[in-house]
Amino acid sequence: HGRHSSSKGMTEPIQRESLWRRWVVKPVVAQLAQGTTPAKIAQAIAFGVTTVVFPLLGTTTVLALGVGVVLKLNQPVLQVFRELTYPLHLASILFFMRAGESLFGAEHVPLSIPMMMERFFASPGKFMAEFGMIGLYGVVVWLLLAPLRIGVVFFVSKPLVEKLAKHLKFSRHDA
């Protein structure tokens, strides 16, 4: 299955595109090819990776879209990196809520993602009364940490995108 026949009757391996190339490199290359600067791409990556850990379930897509529109970020790159790092979202919700409890000296509330989802769908109003403040505490901690996360991701990704852009320029000149 992993081979196809050439005109000479020999079989050659089919090149399979890696997930890394398909989901990370190609969207960035496509934006570079359209003239988006490496700095603008790194900025979109940073905001995508930051908005995904917003501690309220079901809000990251709209948040990323809104932030992207207001800041005129590259939406394809922003959304790709938000989606790629989505597993961080569920993992970070409890972190932000626990950090919020500590920051505000609030009583420790028993939490788990499945339990919170079950209660939300059973009675959204009761859920908000029960967990609204801890959600707000989590948002405050996210707001405090977001600038640091944006900065770190931007300054890590920018040289990588610049290197990719430089590589593409050399590739085009060689062709």
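The values are calculated or read from the model by the stated rules, or taken from the named source; none is laboratory data. These figures come from a predicted structure and were not determined experimentally. FYI the Cβ positions are ideal-geometry reconstructions off the backbone, even for glycines, and counts take in every protein chain you see. Accessible surface areas use protein heavy atoms only, side chains included; no ligands, DNA or RNA. Shrake-Rupley method; radii C 1.70, N 1.55, O 1.52, S 1.80 Å.
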- Message: Looking at region 74-100, I want the residues that are farther than 22 Å from V141 by Cα and have a partner that is polar (S, T, N, Q) with Cβ atoms under 7 Å, at least 6 apart or on another chain. Which pairs are those?
- Response: N74/Q31; N74/T36; P76/Q31; V77/Q31
- Query: Based on what the data block shows, is A146 closer than 14 Å to L57 by Cα and either open to solvent by 30 Å² or more (accessible area, probe 1.4 Å) or in a helix (DSSP H, G or I) (or both)?
  - Reply: no
- Message: Quick test for you: out of F95, F120, F81, pick the one residue that is closer than 30 Å to I41 by Cα, part of a helix (DSSP H, G or I), open to solvent by 60 Å² or more (accessible area, probe 1.4 Å) and aromatic (F, W, Y).
- Response: F95
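Just the residues that are open to solvent by less than 60 Å² (accessible area, probe 1.4 Å) and modelled with pLDDT of 85 or more, please, taken from region 105-117.
Passing the criteria: A106, V109, L111, S112, M115, M116.
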- Give the residue, chosen from G58, G125, that is small (G, A, S), outside any helix (DSSP H, G or I), free of Cβ contacts under 8 Å to residues at least 12 places away in the same chain and surrounded by fewer than 14 Cβ atoms within 10 Å (Cβ to Cβ). G58
- Task: Considering (1) part of a helix (DSSP H, G or I); (2) at positive phi, say which one K72 fails and leave the rest.
- Result: (1)
